[in-house]
1. Determine the pairs where a residue that is closer than 12 Å to PRO120 by Cβ, located within the range 162-188, has a partner that is surrounded by fewer than 21 Cβ atoms within 10 Å (Cβ to Cβ) and hydrophobic (A, V, I, L, M, F, W, C) with Cβ atoms under 6 Å apart, the partner being 6 or more residues away or on another chain.
2. Tell me, which residue of the range 262-278 that is outside any loop (DSSP other than H, G, I, E, B) and not hydrophobic (A, V, I, L, M, F, W, C) is nearest to ILE197 (Cα to Cα)?
3. Got a number for residues in the range 16-72 being hydrophobic (A, V, I, L, M, F, W, C) and either in the same structural domain as LYS258 (by TED's automatic domain parsing) or more than 29 Å from PHE231 (Cβ to Cβ) (or both)?
4. Is at least one residue of the range 177-187 more than 22 Å from MET252 (Cβ to Cβ) and either of a type in the set (Lys, Arg) or crowded, with 18+ Cβ neighbours inside 10 Å (or both)?
5. Looking for whichever is in the same structural domain as LEU194 (by TED's automatic domain parsing), part of a helix (DSSP H, G or I) and surrounded by fewer than 18 Cβ atoms within 10 Å (Cβ to Cβ) here; the options are LEU304, LEU259. Which one fits?
6. Pick from LYS133, LYS141, LYS107: which is assigned by TED's automatic domain parsing to the domain that holds ASN11, closer than 30 Å to LEU205 by Cα and either more than 19 Å from the chain's Cα centre (by Cα) or basic (Lys, Arg) (or both)?
Amino acid sequence: MKVIVLTPVRNEDWILDQFLQICSLFADHIIIADQNSTDRSIEIASKFEKVVLIKNDNLNFNEAERQKILIAKARELYGLGNLLLALDADEIISADSINAAGWEIMKQAPLGTVFFFDKPTPLFQFSKALRYKDGFPLGFKDDDSEHQPTLIHSTRIPIPQHASKIVIHDILFLHLCFARPNIQFSKNRYYCILENINKSSGLRLRRLIYSYYSLKNYLNGEYEAINPLWFEAYDKLHINLKKFNEESYYYMDFEVLKLFQKWGTKRFFNEPIWKFDWEKCRLKAIDLKIEGIPTEQIKKPTLLRIYLVDITFAISNIITSLVRKIRK
């Protein structure tokens with residue numbers, strides 16, 4: 001059984017070097033599908049012996065396509081029976097997981113088994129982390145089952161009906177999305193707009209999921225103190241996972257501007273995206289000579305409308321929560 005990491009990449013040079021250094025400690029092969037990166041991602045990936053670099057030339061956001069590309073390439077190059085681990089570049093295995101007993105459990109598991117892992121999300125200067133102990137399906141003992149992904153928020157690996165499901169408790173993947181919070185908030189805005197366009201969720205759900213633009217918004221989550229062992233060995237190897245340069249804008253902000261150009265902004269007036277200065281972002285995009293950006297000033301909802309929509313959905317959420325408690 002080979003351990004094969006499958007990772008889609010688009011402009012991830014801020015963390016890709018660390019990700020590949022660490023994946024090289026436990027993976028036999030790492031397949032990177034680069035989607036038109038304009039930063040140093042390709043250069044970085046090309047330095048690593050275990051990396052197979054392939055291109056994803058799609059100009060649009062499509063999780064389903066990129067997952068199928070990665071799985072197909074793993075099967076083409078290395079056959080079946082391998083452990084496929086579908087990881088994003090900001091999902092780093094904890095240092096104390098490298099030699100965990102869970103690897104032997106996965107090795108002995110039958111083909112078709114799906115493996116679930118906790119992805120602790122460090123917050124607050126890496127003092128606490130959100131926990132998801134039921135786990136996410138990130139691993140699959142490949143039996144050639146068909147993958148049935150969705151456009152957005154897709155399960156990354158096949159989960160056949162016959163699959164055994166095992167939670168691997170002693171292997172953790174640290175989700176470092178808040179090592180640079182602006183990136184996560186940029187992603188929230190972008191995904192919100194994509195879900196509006198693709199009608200993949202309703203407005204109320206979008207406002208629940210994508211209204212978080214401060215670490216304080218995450219205080220109600222289930223979090224606990226960071227375990228020093230998650231980072232200790234990497235600190236000794238001088239692999240930095242805690243301090244990164246922050247940027248004011250990320251490529252996803254510019255992608256939203258392109259969608260504004262195509263769809264206009266009125267369609268999105270009720271979305272929780274208007275506490276961000278889109279006009280300033282537009283001017284920055286023009287300065288960078290990014291194509292497809294609106295040429296006219298961004299039209300946005302009035303402050304009164306933003307306030308009323310916020311209040312309406314806040315009251316709706318309170319009522320819904322009370323009703324659920326009463327029904328229990």
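The values are calculated or read from the model by the stated rules, or taken from the named source; none is laboratory data. Predicted, not measured: the structure shown is a model, and the values here were computed from it. We place every Cβ from the backbone using ideal geometry, glycine too, and count neighbours over all the protein chains shown.
1. Matching pairs, first to second residue: ILE171/ALA100; PHE178/LEU123.
2. Only one residue tops the list, namely ARG267.
3. So the answer is 7.
4. The answer is no; no qualifying residue exists.
5. Going through LEU304, LEU259 in turn, the sole match is LEU304.
6. Step by step, each of LYS133, LYS141, LYS107 is checked, and only LYS133 is assigned by TED's automatic domain parsing to the domain that holds ASN11, closer than 30 Å to LEU205 by Cα and either more than 19 Å from the chain's Cα centre (by Cα) or basic (Lys, Arg) (or both).
Here's the yes/no breakdown for (1) over 26 Å from ASP144 (Cα atoms); (2) free of Cβ contacts under 8 Å to residues at least 60 places away in the same chain:
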site: PHE26; (1), (2): no, no
site: ASN36; (1), (2): yes, yes
site: LYS50; (1), (2): no, yes
site: ILE71; (1), (2): no, no
site: GLU76; (1), (2): no, yes
site: LEU84; (1), (2): no, no
site: ALA100; (1), (2): yes, no
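Here is a yes/no grid of residues against (1) in a helix (DSSP H, G or I); (2) free of Cβ contacts under 8 Å to residues at least 40 places away in the same chain; (3) surrounded by fewer than 13 Cβ atoms within 10 Å (Cβ to Cβ):
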| site | (1), (2), (3) |
| --- | --- |
| LEU229 | yes, no, yes |
| ILE239 | no, no, no |
| GLU246 | no, no, yes |
| PHE254 | yes, yes, no |
